[in-house]
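Report on one structure; see the data block that follows.
What follows draws every value from the coordinates through simple rules; no lab data is involved. Not measured: the values here are computed from a predicted model. Cβ placement follows ideal geometry from the backbone for every residue including glycine, while neighbour counts extend to all protein chains displayed.
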Amino acid sequence: MDIKTYATRRIRHAVRDADRPDNPFGVALESLREDALAAGHDRLCSFAHYDYLGLAKDRRISDAAIEAIESVGVGVGASRLVGGERQLHGELEAELAGFLGAEAALVLVSGYGANASLIGHFTGKRDLILIDELSHNSLFAGAEMSRSDVVVFRHNDLQHLEELLSARRGGVHSALIVTEGLFSMDGDAPDLVKLIEIKDRHNAWLLLDEAHSIGVMGATGRGLPEECGIDPARIEIRTGTLSKAFTSCGGFIAASREVIRSLRYTLPAMVYSVGMTPPATAAALTALRILEAEPWRVQQQRENSRHFLKRLSQDGFNVGTAQGYGVIPVILPSQTAAFETYHQLLSDGYYVPPIVQLGIPRDLPRLRFFLTAAHTPEQIDGVCASLQRAGRIRAQTAPAKVA
Ligand SMILES: Cc1ncc(COP(=O)(O)O)c(C=O)c1O
């Protein structure tokens, strides 16, 4: 399908959902909270926010953001190369690189922009990009913008990747493998040990998007390499976001000193876009320091995820390929079931919007849960009970099958 047809279809689907009277998308959180309180709940308990370390309301982070606004300003007013550079940017980049075990890092205004700008910029006409079929839209956007051949390998199927590399590697200059540390819709991860072995054998580079794995995987939240006992220096490029575990807004690229230096002066998202805002930079830097000082948050988040996965499995829910790392979907038989379950959970005081059509295969509608270090066992058990209730109601109201 060409990109225009694809875009048109996506818009049609999006608008169709927006026309539903019970449209759950784009509703202001404040009004959902008010509704939950009015219905007698003591709070709206969200499983929809990727605040993995439970830092979204941390006073140390908001204080740092306020102080940055007061001392440096709300925005930086220019591209970093021509007046938009602030000391905070350099501090965050140095500490982030140290945390990730990379030689250097670059921070940008969004994780989406980092991926979309980087891939096409990095690869050329004679190169090959091999991308996991369930990669985030920003990774596909970057691949689409490149002039390279783009081939898609089956999700986490390294045998398929190997076959594609064996068939295509000889005919191209460079090969770039693109995948994620923790997949954002399915909560599963590639076998990094095997992936590194394959990419080294085929002399390819690896771009690992760690948007959902930083702060979540590895004993101290350093991501998939730490989880798998892999030296992070063996991965050529890691990208990610400051909007999830770091509870701020912005994106990053971590790589060798040489690569980052060249990106600093050439990457379109760096050269032609404004620098990160001071409050967002200070907030991310403070969150990073908290993550390093309080690794118990990573452990707590992990415990909560495992507990939730165990409960769902015991209760017979379809969790697909989720491994128990922060993102756990409950896959439902139809879009209608996803909407009904969403409404049941909401009426019980839990917020978990349905994911239908956009970003996932059409036949696998789901509710996607993000588990955080701040969830309590009671909240996790409570949402499981609500899911069960929704299942029972659906079973009672389902039309009887004609023999
Ligand atoms: C895997 C992945 N990469 C990149 C992004 C984009 O990050 P940002 O929100 O900083 O634009 C996301 C956001 O959801 C993501 O899930």
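Quick one: of the DSSP bridges fully inside the chain, what percent are antiparallel, nearest 5? Each step should come with its number before you reach the end.
Details: 18 of 37 bridges.
Within the chain, antiparallel bridges account for around 50 percent of the total.
For the chain, a crude dipole built from +1 on the beta carbon of Lys and Arg and -1 on the beta carbon of Asp and Glu, taken about the Cα centre, is about 780 debye to the nearest 20. Global size of the range 190-346: 18.6, 53 Å for Rg and Dmax (C-alpha atoms, Rg to one decimal, Dmax whole).
Charged neighbours of Arg154, selected by a Cβ distance under 9 Å, balance to -3 (K, R count +1; D, E count -1).
State the volume of the convex hull built on the alpha-carbon positions of the range 263-311, expressed per residue in Å³ and rounded to an integer. Write out the running numbers ahead of the final one.
On the way: hull volume 6.5 nm³, N = 49.
Per-residue hull volume (Cα only) is 132 Å³.
When the chain is fully extended, how far beyond the present Cα-Cα distance does Ser62 get from Arg33, taking 0.36 nm per residue of separation?
Numbers: separation 29, 0.36 × 29 = 10.44 nm, distance 2.13 nm.
Difference between extended and current length: 8.3 nm.
Sort the following peptides by mean Cβ neighbour count (other Cβ atoms within 10 Å, averaged over residues), highest first: 62-69, 25-32, 301-308, 383-390. Walk me through the numbers on the way to the answer.
On the way: 62-69: 17.0, 25-32: 10.9, 301-308: 21.5, 383-390: 19.2.
Highest mean packing first, the order is 301-308, 383-390, 62-69, 25-32.
Full extension of the chain between Ile393 and Arg201 gives 63.8 nm of extra length, using 0.36 nm per residue less the Cα-Cα distance. The three principal axes of the Cα atoms in the range 109-210 give end-to-end lengths of 36, 30, 18 Å, sorted in falling order. Taking a ≥ b ≥ c as the square roots of the eigenvalues of the Cα gyration tensor of the range 270-345, is the shape rounded (a/c under 1.5), prolate (a/b larger than b/c) or oblate? The shape class here is oblate. Distant-in-sequence amide contacts of Ile129, defined by a placed amide H-H separation under 5 Å and a gap of 5 or more residues or a different chain, comprise Asp149, Val150, Val151, Leu176. Considering helices alone, the calculated mean residue ellipticity of the chain at 222 nm is -14000 deg cm²/dmol, with DSSP H runs of length four and up weighted by -39500 (n - 2.57) and normalised per residue.
With a sphere of radius 9 Å drawn around the Cβ of Leu176, what net charge do the other residues whose Cβ falls strictly inside it have (Lys, Arg +1; Asp, Glu -1)? Combined, the nearby Lys, Arg, Asp and Glu give -2.
How large is the Rg to Rh ratio of the chain when both quantities use alpha carbon positions and Rh follows Kirkwood? The Rg/Rh ratio comes out at 0.97.
Other residues with beta-carbon under 12 Å from the beta-carbon of Arg261 carry, at +1 per Lys or Arg and -1 per Asp or Glu, a net charge of -1.
Relative to the current alpha-carbon distance between Glu258 and Thr321, full extension at 0.36 nm per residue lengthens the span by 19.0 nm. Considering only Cα atoms, the convex hull volume of the range 178-241 works out to 75 Å³ per residue.
A simple spin-label model places pseudo-atoms 7 Å from Cα toward Cβ; at Lys310 and Glu91 they are separated by 4.1 nm. Here the range 78-193 is assigned +1 on the Cβ of each Lys and Arg and -1 on the Cβ of each Asp and Glu. Its dipole about the Cα centre then comes out at about 580 debye.
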